[in-house]
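Chemist: Here you go, one structure.
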Amino acid sequence: MKVMQSLERKAIELDPKDYIRRSATESDCSELIDYSAKIFSPDGELLVVYETEVDADWMQAARDAMRKAKFGTNTRSNGMKTHSKIFGYAPRHGMRRHPCRLAGFNTDQPQAAQALEDAAKFLNQWYKANSPSAHRVHEETIEKVLPDWRIGETVFTSGIANKNNTLDYHFDAGNFKDCRSVMIGFRERCGGGLLSVPQLDIKFDIGDCSIISFDGQILIHGVTPLLMRRGGFRFTAVYYALRQMWDCAPITKEIIEFRKKMDELARDPHWDRHARGQKTQVGKYREDGQH
């Protein structure tokens, strides 16, 4: 592991309304971080860890998997079109009568999803080594979630893989409080795509085979426009602990309850009308990303 520079930065007080749901631009932040660094607050709190050019077999395997994966188009709550896939585990979905389950990416593209899940073990170790206090809090919090719904023996339940996405400013939603996300990034023949964090007046270059971790629930962040050349790409995979997973029962119980509900629904005299009107209620479900 390379030596990281230690930087102290005081968070800027700003009105989130001035940023939320607007596009990120490179001029929003004056300082570019394109080297490995740890960002501390004046009182010593570790805010961000960023490491560039991680040379490891698992990182290359994740990079290759992202390049081969197929990404659909999703629409976020603000209407923005993105190309992303959820991997790991997904919580119950009452409207569609889905139990806690494997994410769609795991069933549709198992090899690609497996490569990203294999990377989780190493990212968990990296997280623990670089942010021991934050990892300890995360580890204690994730005890609420059964091992059935965690990615291996890590603190993550789920992740989202992104292809060439520029994201408006936002706070992460749906994660356990005080639990950080860890993101790996890959790029080739692509400029721009900086991770802008205006509260710190810093933008991170998210270089090829890089890792970054921070609490996206308290730091507003967005991705600046991409400058894509022929054959270029920018991929990211974000790992996190989804708060709704704490309510998931053991897998066998989830399956039993799901079958029971479907049996009750099938006995409903209005089932035929429901089936005609909602053909996708027991079909394949594609999860929309949250990051």
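Chemist: So how strong a dipole does the range 131-213 carry about its Cα centre when Lys and Arg Cβ are +1 and Asp and Glu Cβ are -1, to the nearest 20 debye?
Modeler: Working: 9 positive and 12 negative charges, 32 e Å.
Approximately 160 debye in magnitude.
Chemist: Turning to a different aspect of this structure: Can you pull the Rg over Rh of the range 184-254, Cα-only, Kirkwood? Kindly include the intermediate steps, with their values, before the conclusion.
Modeler: On the way: Rg = 16.4 Å, Rh = 14.4 Å.
Result: Rg/Rh = 1.14.
Chemist: Hey, any idea what Rg/Rh is for the chain, computing Rh the Kirkwood way over Cα pairs? Before the final figure, lay out the partial values.
Modeler: On the way: Rg = 19.8 Å, Rh = 20.0 Å.
Here Rg/Rh amounts to 0.99.
Chemist: Dipole of the chain, Cα-centred, from +1 at each Lys and Arg C-beta and -1 at each Asp and Glu C-beta, to the nearest 20 debye?
Modeler: With only Lys, Arg, Asp and Glu charged at Cβ, the dipole is about 1500 debye.
Chemist: Would you list the P(r) distribution for the range 1-79, with all Cα-Cα distances sorted into 10 Å bins from 0 and each bin expressed as a whole %?
Modeler: With 10 Å bins starting at 0, P(r) equals 13, 27, 33, 26, 1.
Chemist: OK, next. Just order 228-237, 11-20 by mean Cβ neighbour count inside 10 Å, highest at the front, would you?
Modeler: Numbers: 228-237: 17.0, 11-20: 11.8.
For the peptides 228-237, 11-20, the packing ranking is 228-237, 11-20.
Chemist: Would you kindly give the portion of the calculated P(r) for the range 1-152 that falls above 20 Å, as a percent of all Cα pairs? Provide the component values of the computation, followed by the final result.
Modeler: Numbers: 7726 of 11476 pairs.
Result: 67 percent of Cα pairs exceed 20 Å.
Chemist: To continue, here is another question. So for the chain, taking the charge dipole from beta-carbon charges (+1 Lys/Arg, -1 Asp/Glu), which of Gly232, Gln125, Tyr50 sits furthest toward the positive end?
Modeler: It is Gly232, whose Cα lies furthest towards the positive end.
Chemist: A further question on this structure: Taking Cα centroids, how far is the range 1-40 from the range 141-161 in Å?
Modeler: The distance from the Cα centre of the range 1-40 to that of the range 141-161 comes to 28 Å.
Chemist: If you don't mind, there's one more thing I want to ask. Sort Ile212, Ile142 so that the residue with the fewest other Cβ atoms within 10 Å of its own Cβ comes first and the one with the most comes last.
Modeler: Values: Ile212 24, Ile142 20.
By the 10 Å Cβ count, ascending: Ile142, Ile212.
Chemist: Here's another thing I want to ask about it. Rounded to a whole number of µm²/s, how large is the Stokes-Einstein D of the range 29-73 at 37 °C and 0.692 mPa s, given Rh as the Kirkwood radius over C-alpha pairs? Write down the numbers at each step before the final one.
Modeler: Values: Rh = 13.6 Å.
Approximately 241 µm²/s, per Stokes-Einstein.
Chemist: Hey, can you rank 153-159, 44-50 by average C-beta count inside 10 Å, highest first?
Modeler: Details: 153-159: 24.6, 44-50: 19.0.
Taking the mean over residues of other Cβ atoms within 10 Å, the ranking is 153-159, 44-50.
Chemist: On to the next question. What is the distance in Å between the Cα centres of the range 117-139 and the range 199-268?
Modeler: Each part reduced to its Cα centre gives a spacing of 16 Å.
Chemist: Per-residue counts of other Cβ atoms within 10 Å, averaged by peptide: what ranking do you get for 28-38, 214-224, highest first?
Modeler: Numbers: 28-38: 16.3, 214-224: 20.1.
Highest-to-lowest ranking by the protection proxy: 214-224, 28-38.
Readers should treat all values here as calculations from the given coordinates under stated rules, not as data from a laboratory. All values reported here derive from a predicted model rather than from experimental measurement. Neighbour counts are summed over all protein chains in view; Cβ atoms, including those assigned to glycine, are modelled from backbone coordinates with ideal geometry.
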